[in-house]
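In what follows, a single structure is set out as structure tokens and then discussed.
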């Protein structure tokens, strides 16, 4: 399987995961039509997601494991595009400096930046992401600020009005954030609650850094977050097409293309 083919498959699996979490049930025929795939390919994708405990195949389609939505909504996504996330995270961390106040959103892409930030302490880190709060609690040279609100198990994060109001009282030097999708210059996410909190984070930040791997480019999602031009920097992996990079740059955004990891010696 070529890397390009593997990337397309990964993008499909992420799309199906988001859809099944949102709708609770999908049919094979609907997926085949939406994704322009054969029913056989859809069945293979569903088999793979069932093996990962994301969904349960039923006659004619698949349904979500309600008790396992946290797994499919968080841990499964953490396993997607790992190489790209590492490359992007390393490049993005260079945009922060010791003493900065940093907001990190509830995404696995932004979480990947954290190990690199440990090299530029001290920092103040603000987040609504319980996974990150657990990771950083007790760390020296980190002033950790947790955003409260309604806890949403699917994302292991706090969302809602309380979270947004807390952000309105804060101001950060840098925001590290990700999205579900980019089409043209428009950013999308499948959950309106996430969109609202991300917008509040953007308003609270001087420099806004978008982390965007190639699997998120070229398709949409349910809710519009805004324009990519609302970010000051976009960090992409080396597999993002040159035309996409140039289009974002032409819109006035600083685009950083992360270097490919060096191959490991045998």
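The values are calculated or read from the model by the stated rules, or taken from the named source; none is laboratory data. The structure presented is a predicted model; accordingly, all values stated were derived computationally and were not measured. A quick note on method: Cβ atoms are made from the backbone with ideal geometry, for glycine too, and the neighbour counts reach across all protein chains shown.
Key figures
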item: Test: residue in the stretch 134-142 that is more than 22 Å from residue 99 (Cβ to Cβ) and touching a helix residue (DSSP H, G or I) at 6+ places or on another chain (Cβ under 8 Å); result: no
item: Every residue from the stretch 185-215 that is more than 26 Å from residue 97 (Cβ to Cβ) and either in contact (Cβ under 8 Å) with a residue 60 or more places away in the chain or outside the structural domain of residue 105 (by TED's automatic domain parsing) (or both); result: 185, 190, 191, 194, 214, 215
item: Out of 215, 196, 227, 205, sole residue that is at pLDDT 95 or above and over 24 Å from residue 125 (Cβ atoms); result: 227
item: Residues of the stretch 205-227 satisfying the condition of being outside any strand (DSSP E or B) and touching a strand residue (DSSP E or B) at 6+ places or on another chain (Cβ under 6 Å); result: 216, 219, 220, 221
item: Filter result for residue 248 (assigned to a helix (DSSP H, G or I), surrounded by 14 or more Cβ atoms within 10 Å (Cβ to Cβ) and modelled with pLDDT of 95 or more); result: yes
item: Tally, over the stretch 86-113, of residues that are farther than 12 Å from residue 258 by Cβ and buried (at least 23 other Cβ atoms within 10 Å of the Cβ); result: 7
item: Helices (runs of 4 or more DSSP H) completely within the stretch 73-179 that count 1 or more residues being over 21 Å from the mean Cα position of the chain (by Cα) and under 21 Å from residue 210 (Cα atoms); result: 161-168
